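Laboratory data are not the source of any read-out in this text; all were calculated from the coordinates shown. Note that this is a predicted model, so its numbers are computed, not measured. In this analysis, Cβ positions are derived from the backbone assuming ideal geometry, glycine residues included, and neighbour counts consider all displayed protein chains.
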Amino acid sequence: MPDHPLEPLFAEEIAAAAACIRAQAGLDPNSFFETITLDEPSRAERAAFNDSGTVPPRRAYVCCYERASNRTFRGRVDLDQDKLLSWEHVPGVQARIPPDEFDASDKIAKADPRVVEALAKRGITDLDTVLIETWAPGNFGIEGEEGKRIAYCHCWVINDAGDNRYGRPIANLHPVMDLAAGTVLRVDDFGVVPLPPDTAAIRPSEGLRDDVKPLNITQPEGPSFEIDGYAVRWQRWNVRVGFDLREGLVLHDIGYEDGGRLRPIMNRASMAEMVVPYGDPTGGNFRRNAFDTGEYGIGTALDSLKLGCDCLGHIHYFDVCAHDWDGKPAAIRNAVCMHEEDFGLLWKHTDSHTGKFRAVRSRRLVISSIATIGNYVYGFFWYFYQDGTIGTEIKATGIPFPTAVPPGEQPKYGALIAPGIASHVHQHSFNFRFDMCVDGPENAVREQDFEAAPLGPDNPHGNAVNIFERPLSRESEAAREIDIARSRSWKIVNTSQTNSLGQHTAYRLVPGQNTLPYLQPESPVAQRAGFMFKHFWATQYDPEQLYPAGWFPNQHPGGDGLPRWVEADRSLEDEDVVVWYTMNFHHLPRPEDWPVQPVVYASLHWMPEGFFDQNPALDLPPHAITS
Ligand code: CO
């Protein structure tokens with residue numbers, strides 16, 4: 001039995017859900033399980049549990065793909081009663097591509113004589129050195145593909161050192177898979193490009209620098225956090241670690257203890273969808289636009305973290321359980337990492353007359369996961385600070401997608417990153433979902449802009465700055481873009497709660513580095529990823545609206561998700577508000593990103609604004625840096 005209704009599904013529960021579907025859903029036995037994950041309790045069930053301890057039924061959300069009929073089904077299982085609660089065929093959609101299906105195509109493609117011949121034409125005869133990778137194909141209306149479950153493959157030869165499967169790209173060769181049939185539908189061959197020279201070794205065997213001395217972080221009295229199952233308490237912060245097979249790391253019930261009461265801030269926070277459209281229109285390259293969450297799944301791709309891999313000091317790991325396509329549980333040990341990090345100065349004041357100063361150091365709680373998806377590695381990091389700030393950061397590393405170019409040729413839509421190797425311009429677009437509850441369930445949305453005031457009798461010296469704050473009262477008004485010229489940001493307020501100054505308590509979303517998509521809105525990928533075109537969205541809570549590109553982006557014709565939902569134009573004034581934030585990270589790879597890319601960072605912050613009466617971190621002990 002779980003200790004709390006939001007605990008991720010256990011292995012036994014996943015197995016029981018799969019058995020229930022097999023026995024009761026009437027599927028062809030050759031079907032596979034796309035998703036078995038916790039069906040989170042409803043708002044009402046959560047309230048009943050918090051108020052009176054009434055434990056809601058334990059449920060699983062399950063999605064299956066039936067190969068025999070090329071149909072996708074989904075529903076919910078009551079795990080307490082071993083009973084199928086609902087089961088429906090979802091017409092016209094394709095399930096995600098689970099890791100087993102992703103891996104299976106390599107073998108199928110290599111057994112096809114057309115693929116063998118195309119490789120031989122390029123002088124490649126040792127198939128064991130070849131990687132044929134399965135990519136979700138998008139939806140480009142290409143003849144012969146409609147109605148089929150398709151994958152569009154890309155090919156590489158492993159480097160001589162054997163540590164980089166993407167080391168030597170085979171350009172212009174794309175087996176197109178019919179995944180339901182388990183066959184190669186056709187082979188797209190846009191012409192031979194010579195294999196680039198081998199420059200791909202990731203682990204040099206000699207020449208390692210010898211001047212890196214040990215740097216140890218010790219916490220002789222242990223960590224400052226307390227853990228109860230998946231619930232965490234640290235420096236007034238309360239947060240519950242959760243897991244979703246599709247989103248990976250999820251945080252629940254984020255709140256701050258203030259004056260003896262726990263003040264809620266967010267019900268749930270997650271990175272809910274991402275897409276990486278590449279900017280090369282030639283050959284088969286236009287088909288590269290990975291929705292890593294909705295087409296593949298982040299939760300199934302989490303690394304099992306080891307001490308020293310990313311964090312230093314006292315680390316607590318949380319285990320989660322994923323599953324394979326047969327519905328067999330697959331535990332991921334150490335999937336979520338938690339530790340404390342010194343973060344330099346938090347605040348300082350020096351009395352210039354006496355020279356006395358007081359300063360305190362900042363510390364943050366870090367909760368993170370790392371997912372490996374093909375060539376790329378994404379770190380999902382959440383930070384909690386002692387001054388009430390919440391941060392989230394993406395760390396992107398791994399191997400930038402390499403393709404081969406003929407000797408002497410400069411890529412038009414990318415950069416040369418090694419001899420004979422180009423990497424195309426692309427964007428990593430992340431959409432975060434924040435289910436807000438700032439000081440209570442009913443919130444409202446405000447946008448703030450700044451502008452130089454015009455010269456006039458009120459502003460004779462031209463220094464006046466106008467501060468504009470306006471309500472975004474409806475969904476149609478709340479789809480917004482960042483505006484650097486106006487220092488634009490957004491605030492979630494509780495209009496029924498005030499601080500001691502009479503201001504409504506609030507949290508402000510402070511954007512970090514961002515840009516807009518470099519995509520024509522008519523393009524098939526833009527149609528499927530409409531969320532990219534606005535940085536800020538707000539919607540009224542709906543339990544079915546979890547993923548900003550919809551439930552089934554794989555091969556979807558487009559138009560689902562946020563752009564469609566906000567057509568309902570629901571009220572956002574003193575309502576149950578969900579905020580969605582898009583972070584577009586633009587990327588033209590460099591030679592320094594080869595053969596493995598140093599981490600690049602993209603982040604955003606939520607800062608308390610009038611949530612507290614004054615600096616909430618005045619009470620920090622001074623530690624070593626006071627006088
Ligand atoms: Co990139």
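Applying 1/(1 + (r/R0)^6) with R0 = 30 Å to the Cβ-Cβ distance of Ala330 and Gln24, what FRET efficiency is obtained, to the nearest 0.05?
0.85
What FRET efficiency, computed as 1/(1 + (r/R0)^6) with R0 = 35 Å and r the Cβ-Cβ distance, is obtained for Asp258 and Glu544, rounded to the nearest 0.05?
Calculated transfer efficiency: 0.55.
Search the structure for amide H atoms under 5 Å from the amide H of Ile332, placed 1.01 Å from N in the peptide plane, and list their residues when 5 or more places away or on another chain.
Val320, Cys321, Ala322
Assuming R0 = 51 Å, what is the FRET efficiency of Arg67 and Glu477, from their Cβ-Cβ distance, to the nearest 0.05?
0.65
Subtract the Cα-Cα distance of Ser224 and Trp347 from 0.36 nm times their separation in residues, and report this length gain in nm to one decimal.
Extra length from Ser224 to Trp347 when fully extended: 42.3 nm.
In whole Hz and in residue order, list the ³J(HN,Hα) couplings for the stretch 196-210 that follow from phi through the Karplus curve 6.51 cos²θ - 1.76 cosθ + 1.60, θ = phi - 60°; x for Gly and Pro.
Coupling constants for the stretch 196-210: x, x, 7, 10, 9, 4, 8, 10, x, 7, 9, x, 5, 5, 10 Hz.
Within 10 Å of each candidate Cβ there may be at most 12 other Cβ atoms; applying that plus a DSSP loop requirement, which trypsin sites (Lys or Arg not before Pro) in the stretch 145-245 survive?
Arg209
What is the chain's relative contact order, in percent, from Cα pairs under 8 angstrom and six or more apart in sequence?
13 percent.
About the Cα centre of the stretch 99-189, how large is the charge dipole given +1 on each Lys and Arg Cβ and -1 on each Asp and Glu Cβ? Please answer in debye to the nearest 20.
With Lys and Arg at +1 and Asp and Glu at -1, about 180 debye.
Per the helix-only calculation at 222 nm, which mean residue ellipticity applies to the chain, given -39500 (n - 2.57) for every DSSP H run of n ≥ 4 and division by its residues, nearest 500 deg cm²/dmol?
Helix contribution divided over all residues of the chain: -2500 deg cm²/dmol.
One quarter of the convex hull surface, Cα atoms only: what value does that give for the stretch 11-90 in nm²?
One quarter of the hull surface, i.e. the mean projection, equals 5.5 nm².
Which three numbers, in whole Å and largest first, are the semi-axes of the equivalent ellipsoid of the chain derived from its Cα gyration tensor as √(5λ)?
41, 31, 26
Could you pull the Cα extents of the stretch 99-189 along its three principal axes, largest to smallest, in whole Å?
41, 28, 21
Seen from all sides and averaged, what is the projected area of the convex hull of the Cα atoms in the stretch 486-614, in nm²?
11.5
Could you tell me the center-to-center distance, by alpha carbons, between the stretch 321-387 and the stretch 466-536 in angstrom?
Between the Cα centre of the stretch 321-387 and that of the stretch 466-536, the gap is 25 Å.
In debye, nearest 20, what is the charge dipole magnitude of the chain about its Cα centre with +1 on Lys and Arg Cβ and -1 on Asp and Glu Cβ, if you could check?
Using only the charged Cβ atoms, the result is roughly 780 debye.
Could you give the nm distance between label points at Val192 and Asp3, where each point is 7 Å from its Cα heading toward the beta carbon?
6.3
Could you tell me which trypsin sites (Lys or Arg not before Pro) in the stretch 343-424 are loop residues by DSSP with no more than 16 other beta carbons within 10 angstrom of their beta carbon?
Sites meeting the loop and neighbour criteria: Lys356, Lys412.
Step through the residues of the stretch 16-23 one at a time and calculate ³J(HN,Hα) from phi using the Karplus curve (6.51 cos²θ - 1.76 cosθ + 1.60, θ = phi - 60°), rounding each to whole Hz and writing x for Gly and Pro.
Coupling constants for the stretch 16-23: 5, 5, 4, 5, 4, 5, 4, 7 Hz.
Which residues in the stretch 226-245 place their backbone N less than 20 Å from a point set 7 Å from the Cα of Phe49 along the Cα-to-Cβ direction?
Answer for this model: 227-234, 238-245.
Pulled fully out, how much extra length does the chain show between Asp449 and Thr129, if you take 0.36 nm times their separation in residues and subtract their Cα-Cα distance?
Length difference between fully extended and current span is 109.6 nm.
How big is the gap, in Å, between the Cα center of the stretch 567-603 and the Cα center of the stretch 273-313?
Each part reduced to its Cα centre gives a spacing of 13 Å.
What is the distance in Å between the Cα centres of the stretch 45-105 and the stretch 123-166?
Cα centroid to Cα centroid, the span is 30 Å.
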